[in-house]
Amino acid sequence: MVDISTTLASLDLKNPFMLASGIMDEDAGSIIRIMNAGAGAVVTKSIGLHPRPGYPNPTCIETECGFLNAMGLPNPGVKEYLEELSQLSSRKIPVICSIYGASAQEFAELAQQITSESVDAFELNLSCPHAKCYGLETGSDPSLVKSITSSVIKNTSLPVFVKLSPNVTNIVELALAAEHAGASGIVAINTVKAMAINIEVQQPILANSIGGYSGKAIKPIGVRCVYEITQKVSIPVIGVGGITTVQDAIEYFMAGATAVQVGSALYSQGLEVFSQLTEALQSWMKDHGVLNIAEIIGVAHP
Ligand code: RRO
């Protein structure tokens, strides 16, 4: 039997395939379906202090090689979301709560309100590509990354993962800032800032004009970011971006990822994607004489 379990700080994952934030994770019912489908862990939709309706439609479109979204951080706010989380009575797999805020203070308040009764870890969304005052606007400054990460760590005993954006000149300095602040791990990458124009009406298609690109096309960007980060940081890195097949995931492991997140692939492959990836990884490892997934993590480094 090959061993595909993996460890992220204090979290033990039965397999390395996690649900990425923003896909089927806004209510307890869908999270339970993901858990039952065989995911190794789930990350929730990004939650803020107050409810947000998100942007008007169109908020998500399929393009030639992926998806373009500008949902606008729609979420019910922390108070109501805690009720959803309370319905995940026995958490069979780790549940990681993605949170966002406009300041270190807002992040700290969220970390105080969301306790270990409800979740197993935090993912700090410092990378939404298009939300004014949030995400990338805070996550592209190493000193803000450091102060936000520290403020959450001061207010929780749970592991804290920091999700970074590829839309920056130097992702490594941001990862180092998070590591120095005490983060348990890095998540790379969020979507790539992008847009599409309807040439007949001569207007951007998304209501917000600019959005984030996900899906197959962004995989090489994600792999490069994971590779660069793992050259310099010692905490685990979770790879995300364009994973639809086990070969994609293996590429991320070889670049240095300890686990991976799957998002857009749920659209084409459905919930079965988790069991398909797990089975495919086991058979790839058997065929290649790999007994433990740790044997391939980072092997592409010189
Ligand atoms: O809600 C969104 O529009 C969104 C978020 Br929070 C994010 O982190 N990344 C993204 O592509 N969209």
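Some values worked out for this structure:
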read-out	value
Count of region 114-133 residues which are away from the ligand (no atom under 12 Å from the Cβ) and surrounded by fewer than 16 Cβ atoms within 10 Å (Cβ to Cβ)	4
Residue identified as in contact with a helix residue (DSSP H, G or I) (Cβ under 7 Å, 6 or more places away or on another chain), assigned to a helix (DSSP H, G or I), within 25 Å of V260 (Cα to Cα) and of a type in the set (A, V, I, L, M, F, W, C) among V168, V119, V152, V162	V152
Residue in region 253-271 that is over 17 Å from S165 (Cβ atoms), touching a residue at least 12 places away in the same chain (Cβ under 8 Å), within 16 Å of the ligand (Cβ to nearest atom) and of a type in the set (F, W, Y) present	yes
Number of positions in region 22-34 that are over 15 Å from S118 (Cβ atoms) and more than 15 Å from the ligand (Cβ to nearest atom)	4
Scope region 74-121; condition modelled with pLDDT of 95 or more, charged (D, E, K, R) and in contact with an Asp or Glu (Cβ under 9 Å, 6 or more places away or on another chain); matching residues	E84
Close pairs from region 284-297: first in contact (Cβ under 8 Å) with a residue 24 or more places away in the chain and under 14 Å from V246 (Cα atoms), partner outside any loop (DSSP other than H, G, I, E, B) and of a type in the set (V, I, T), Cβ under 8 Å, at least 6 apart	W284/V246; W284/I250; M285/I293; I293/T6; I296/I250
Meets criteria (among the aliphatic types (A, V, I, L, M) and out of contact with any Gly (no Cβ under 6 Å at 6 or more places or on another chain)) for M1	yes
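Yes or no, residue by residue, for (1) over 16 Å from the mean Cα position of the chain (by Cα); (2) part of a helix (DSSP H, G or I); (3) over 16 Å from A207 (Cβ atoms):
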| residue | (1), (2), (3) |
| --- | --- |
| G29 | yes, yes, yes |
| I34 | no, yes, yes |
| G38 | yes, no, yes |
| V42 | no, no, yes |
| L49 | yes, no, yes |
| P56 | yes, no, no |
| I61 | yes, no, no |
| M71 | no, no, no |
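The values are calculated or read from the model by the stated rules, or taken from the named source; none is laboratory data. Since the model is a prediction, treat every value here as computed from it, not as a measurement. Ideal geometry is used to build each Cβ from the backbone, glycine not excepted, and the neighbour counts take in all protein chains shown.
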